[in-house]
1. With the requirement that a residue be closer than 22 Å to Y62 by Cβ, out of contact with any Asp or Glu (no Cβ under 7 Å at 6 or more places or on another chain) and either in a strand (DSSP E or B) or charged (D, E, K, R) (or both), what does region 14-41 give you?
2. Take T125 and tell me if it is in the same structural domain as P143 (by TED's automatic domain parsing) and in contact with a Pro (Cβ under 9 Å, 6 or more places away or on another chain).
3. What's the total number of residues in region 94-118 that are out of contact with any Ser or Thr (no Cβ under 9 Å at 6 or more places or on another chain) and over 15 Å from Q145 (Cα atoms)?
4. Scanning region 98-107 for residues that are in a loop (DSSP other than H, G, I, E, B) and of a type in the set (S, T, N, Q), which turns out farthest from K140 (Cα to Cα)?
5. Hey, does region 103-112 have a residue that's without any contact (Cβ under 8 Å) to a residue 12 or more places away in the chain and either charged (D, E, K, R) or within 23 Å of K156 (Cβ to Cβ) (or both)?
6. Please verify whether region 108-121 includes one or more residues that are modelled with pLDDT of 95 or more, in contact with a strand residue (DSSP E or B) (Cβ under 9 Å, 6 or more places away or on another chain), assigned to a loop (DSSP other than H, G, I, E, B) and surrounded by 12 or more Cβ atoms within 10 Å (Cβ to Cβ).
7. Which ones in region 42-97 are surrounded by 15 or more Cβ atoms within 10 Å (Cβ to Cβ), part of a loop (DSSP other than H, G, I, E, B) and over 27 Å from the mean Cα position of the chain (by Cα)?
Amino acid sequence: MFTWLEKGVYQVELRDASKNLIALDVLEEGGKSNIYLNTDDNVTDLTLTLAEGELTITNEHYIQATKSKIVLTNQNGAIYPLVISLNKEANISVRVNVTSSLTPELSITINGEPKQFSENYSSNTTKVVDFNWTAPNESKAIPLQVISNVGGLKTKANYL
């Protein structure tokens, strides 16, 4: 709640979903207040600023989603080109390495069909998965698509 007390001075109340008081502060025009939601550390969780009668609440832990970097390699680390040429019925082992500002969620399709993969490694910013595939017994282009989703921001990598 944002309550006017007098010219350029406001009271700010933050409450949780159960209406329990989380923070109460008085802000003056141009003022700033740091809120510590976790009392076990000395790290600011929210910052309140008041400028021209407008209250801004900033989550200091928010990380903006960024476009992913998608790299396909073989098991030895050699990078696959955008066009992968295979002999008929040849087997291929693929490692997909995806990095972004947050942990990416992946989907892989070959010729429009979802491809199962095994997770090799995952961290706060990276996911590495492996899959095997056998080329068809006829010569033709088969599309391979990797889609990374980070906070709703999708990055696509298309291979043939």
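The values are calculated or read from the model by the stated rules, or taken from the named source; none is laboratory data. Values in this document were obtained by computation on a predicted structure and should not be read as measured data. No Cβ is skipped: glycine too gets one built from the backbone with ideal geometry, and neighbour counts run over all protein chains shown.
1. L14, R15, D16, A23, D25, L27, K32, N34, D40, D41
2. Taking the combined requirement at face value, the residue satisfies it.
3. Residues flagged as out of contact with any Ser or Thr (no Cβ under 9 Å at 6 or more places or on another chain) and over 15 Å from Q145 (Cα atoms) within region 94-118 amount to 1.
4. So the residue we want is S101.
5. Among the residues of region 103-112, not one is without any contact (Cβ under 8 Å) to a residue 12 or more places away in the chain and either charged (D, E, K, R) or within 23 Å of K156 (Cβ to Cβ) (or both), which makes the answer no.
6. Yes - at least one qualifying residue is present in region 108-121.
7. I84 - this is the single residue of region 42-97 that is surrounded by 15 or more Cβ atoms within 10 Å (Cβ to Cβ), part of a loop (DSSP other than H, G, I, E, B) and over 27 Å from the mean Cα position of the chain (by Cα).
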